[in-house]
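J.: Sharing a structure here in structure tokens format.
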Amino acid sequence: MKFPYFTVEGAEDGERDYPSFMNFEKNKGVDALRQVILAIRSNKRQGSASTKTRAEVRGSGKKIHRQKGLGAGRVGDKNAVQRRGGGVVFGPKPRSYNKKVNRKTKRLALARALFDGATEGKLSLIEAWKVSEAKTKHFTQVINKVIPDSRRSLIVDDAFEDNFGYAARNVSRITLARAQDLSPLDLVLADKVIFSVSGLEVLLAKVGKEDASK
């Protein structure tokens, strides 16, 4: 698999070939990717939504008016579920939405997300992510050369220097991520992903490319 390659200053420098990059046939890994993305999104839910049943609503349990003789419908107390301010039938209660996914499935999903990104032309390589000063203008000069038209870009490295983090934090269309913390959802949501050479090597080691290509 070949990727566009850029120098530290953002200048184009041909392509870099990764012959051992993961490769999938047909739909292998697609279901794993779907499961992991659903699990990530579910695990972010607080699960704090709560409603009160009829028994939990505060107020008198006295019948609003007598059963017969008024020419009106028969009603119970004001906590009845059909009345405004009454209880809620089958409403949400605090719960956990956490979903567990085993390690092998996570690695397969990450490998599939990488493969899909590579085939779609979303992935690029840069020699290293560095800036001379912690100023946004130095960072944007590089970014505008590497990904001038991207609206939602992901920058990946094995570790970021403090100066680089300060320079990049004010650019809203850019997200920084360490390779060891990268999730399949991060790769799917970004329209461009730029790895440093060391960042890609760390990620490939994490995935275990020799297993993903079987």
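J.: Out of everything in segment 39-73 that is in contact with a Phe, Trp or Tyr (Cβ under 8 Å, 6 or more places away or on another chain) and assigned to a loop (DSSP other than H, G, I, E, B), what residue ends up being nearest to G85 (Cα to Cα)?
T.: Pass one, segment 39-73, residues in contact with a Phe, Trp or Tyr (Cβ under 8 Å, 6 or more places away or on another chain): 42-43, 45, 47.
From what's left, assigned to a loop (DSSP other than H, G, I, E, B): 45, 47.
Numbers: R45: 27, G47: 23 Å.
Across segment 39-73, the extreme among qualifying residues is G47.
J.: Go through D77, D13 for me and flag whichever is in contact with a Ser or Thr (Cβ under 8 Å, 6 or more places away or on another chain), assigned to a loop (DSSP other than H, G, I, E, B) and among the charged types (D, E, K, R).
T.: Result of the check over D77, D13: D77.
J.: Collect the residues in segment 16-30 that are of a type in the set (D, E, K, R), part of a loop (DSSP other than H, G, I, E, B) and surrounded by 11 or more Cβ atoms within 10 Å (Cβ to Cβ), keeping them in residue-number order.
T.: K28, the sole residue that qualifies.
J.: Do the conditions hold for A32, that is, is it over 30 Å from P148 (Cα atoms) and either aromatic (F, W, Y) or in contact with a Ser or Thr (Cβ under 6 Å, 6 or more places away or on another chain) (or both)?
T.: Against the criterion (over 30 Å from P148 (Cα atoms) and either aromatic (F, W, Y) or in contact with a Ser or Thr (Cβ under 6 Å, 6 or more places away or on another chain) (or both)), A32 qualifies.
J.: Moving to a separate point now. What residue, of G47, G85, is closer than 30 Å to L185 by Cβ and in contact (Cβ under 8 Å) with a residue 12 or more places away in the chain? Quick ask: steps written out before the conclusion?
T.: On the way: G85 fails: closer than 30 Å to L185 by Cβ.
Sole residue among the options that is closer than 30 Å to L185 by Cβ and in contact (Cβ under 8 Å) with a residue 12 or more places away in the chain: G47.
J.: In segment 115-146, what count of residues is obtained for those that are over 17 Å from A177 (Cα atoms), crowded, with 20+ Cβ neighbours inside 10 Å and within 21 Å of the chain's Cα centre (by Cα)?
T.: Number of matching residues: 1.
J.: Another question about this same structure. Quick test of your reading of the structure: L33 fulfils all but one of (1) surrounded by 12 or more Cβ atoms within 10 Å (Cβ to Cβ); (2) part of a loop (DSSP other than H, G, I, E, B). Name the failing condition by number.
T.: (2)
J.: Another question, then. Consider R151 against the criteria (1) within 17 Å of A109 (Cβ to Cβ); (2) under 19 Å from the mean Cα position of the chain (by Cα): it satisfies all of them except one. Which criterion is unmet?
T.: Every condition holds for R151 apart from (1).
None of the figures in this text is laboratory data; all of them are computed from the coordinates on show. Note that this is a predicted model, so its numbers are computed, not measured. Here the Cβ is made from the backbone with ideal geometry for all residues, glycine too, and neighbour counts use every protein chain on show.
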